[in-house]
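Novice: The structure's right below; bear with me while I get my questions together.
The values are calculated or read from the model by the stated rules, or taken from the named source; none is laboratory data. Please read these numbers as outputs of a predicted model, since none were measured by experiment. Cβ: placed from backbone, ideal geometry, glycine included. Neighbour counts: every protein chain shown. Each accessible area value is taken on the protein alone, full model and side chains, heavy atoms only, with ligands, DNA and RNA left out. Shrake-Rupley method; radii C 1.70, N 1.55, O 1.52, S 1.80 Å.
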Amino acid sequence: MSSLIAELFATIHLLAGYAPPTVAPEVHRVPQAEIGERFCHTPCAIRAIYDPTLGVYLDEKLDVVNNIFDRSILLHELVHHVQAVRGRFDQGSSDCMRRNANEREAYSLQNRYLMEMNDARRVSMNGWAARCSEAEVPTPRKP
């Protein structure tokens, strides 16, 4: 797993310019239900998550070695690690805005990775984006 993580950090460097971190996060392969219990506090569909103090939690059913899309999920979480290490969005106006900026960049890099790997699948953050105050995120109104 460590060589795959190093390879993904090199890819992140090529895609976004982030220097590989000196210390990689711990990667915990666990049942998806444990991720839900630990991070959602209820059953949820999250298959991977990054916590700056705990590392990456990855659904043990993801085949990050042989499946490009599953590997892109790990890449997405590793992007969050380099963002945290480099303080990429530390100066955002609010926690909500910083969280959304982190996710937008991670999804964008995940999609670029999938494109580079000639995988037609793409991911979108439309379904989860954190709703910030009305002043921070304009809500489109129906005509």
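Novice: Ignoring any ligand, DNA or RNA, what whole percent of the accessible area of the chain comes from carbon and sulfur when the probe is 1.4 angstrom?
Specialist: 53
Novice: Accessible area, 1.4 Å probe, largest first: how do THR11, THR42 sort?
Specialist: So the residues, ranked largest to smallest area, are THR42, THR11.
Novice: Who wins for biggest fluctuation among ARG104, ARG121, ARG29 in a Gaussian network model of the chain, springs between alpha carbons below 10 Å?
Specialist: Of ARG104, ARG121, ARG29, the most mobile in the Gaussian network model is ARG121.
Novice: May I pose another question? Given the chain, report the % of alpha carbon pairs whose separation exceeds 24 Å.
Specialist: 33
Novice: Same structure, new question: Around SER124, with a cut-off of 12 angstrom between Cβ atoms, what is the net charge of the other residues, counting Lys and Arg +1 and Asp and Glu -1?
Specialist: +2
Novice: Given the convex hull of the Cα atoms of segment 32-109, what is a quarter of its surface area in nm²?
Specialist: The directionally averaged projection comes out at 5.5 nm².
Novice: Here is a follow-up. What net charge is computed for the residues neighbouring ARG29, neighbours being all others with C-beta under 12 Å from the C-beta of ARG29, Lys and Arg scored +1, Asp and Glu -1?
Specialist: Combined, the nearby Lys, Arg, Asp and Glu give -4.
Novice: Here's another thing I want to ask about it. Work out, step by step, the length gained on full extension between VAL123 and ARG86: first 0.36 nm times the residue separation, then minus their alpha carbon distance; give nm to one decimal.
Specialist: Gain in length upon complete extension: 10.9 nm.
Novice: While we're looking at this one, here's another question. With θ set to phi - 60° and the Karplus curve 6.51 cos²θ - 1.76 cosθ + 1.60, what are the ³J(HN,Hα) couplings of segment 97-111 in order, to the nearest whole Hz, using x for Gly and Pro?
Specialist: Each residue's phi maps through the Karplus curve to give 5, 5, 4, 5, 5, 4, 5, 4, 5, 5, 5, 4, 5, 4, 5 Hz.
Novice: How high is the relative contact order of the chain? Use alpha-carbon pairs under 8 Å, at least six apart in sequence, and give a whole percent.
Specialist: Reported as a whole number, the value is 19 percent.
Novice: May I ask you to rank SER72, SER124 by accessible area, largest first, using a 1.4 Å probe over the protein chains only?
Specialist: The residues order as SER124, SER72, largest area first.
Novice: Further question on the same structure: How much length is gained if the chain between MET115 and HIS13 is pulled fully straight, taking 0.36 nm per residue apart and subtracting their Cα-Cα distance, in nm to one decimal?
Specialist: In short, 35.1 nm is gained.
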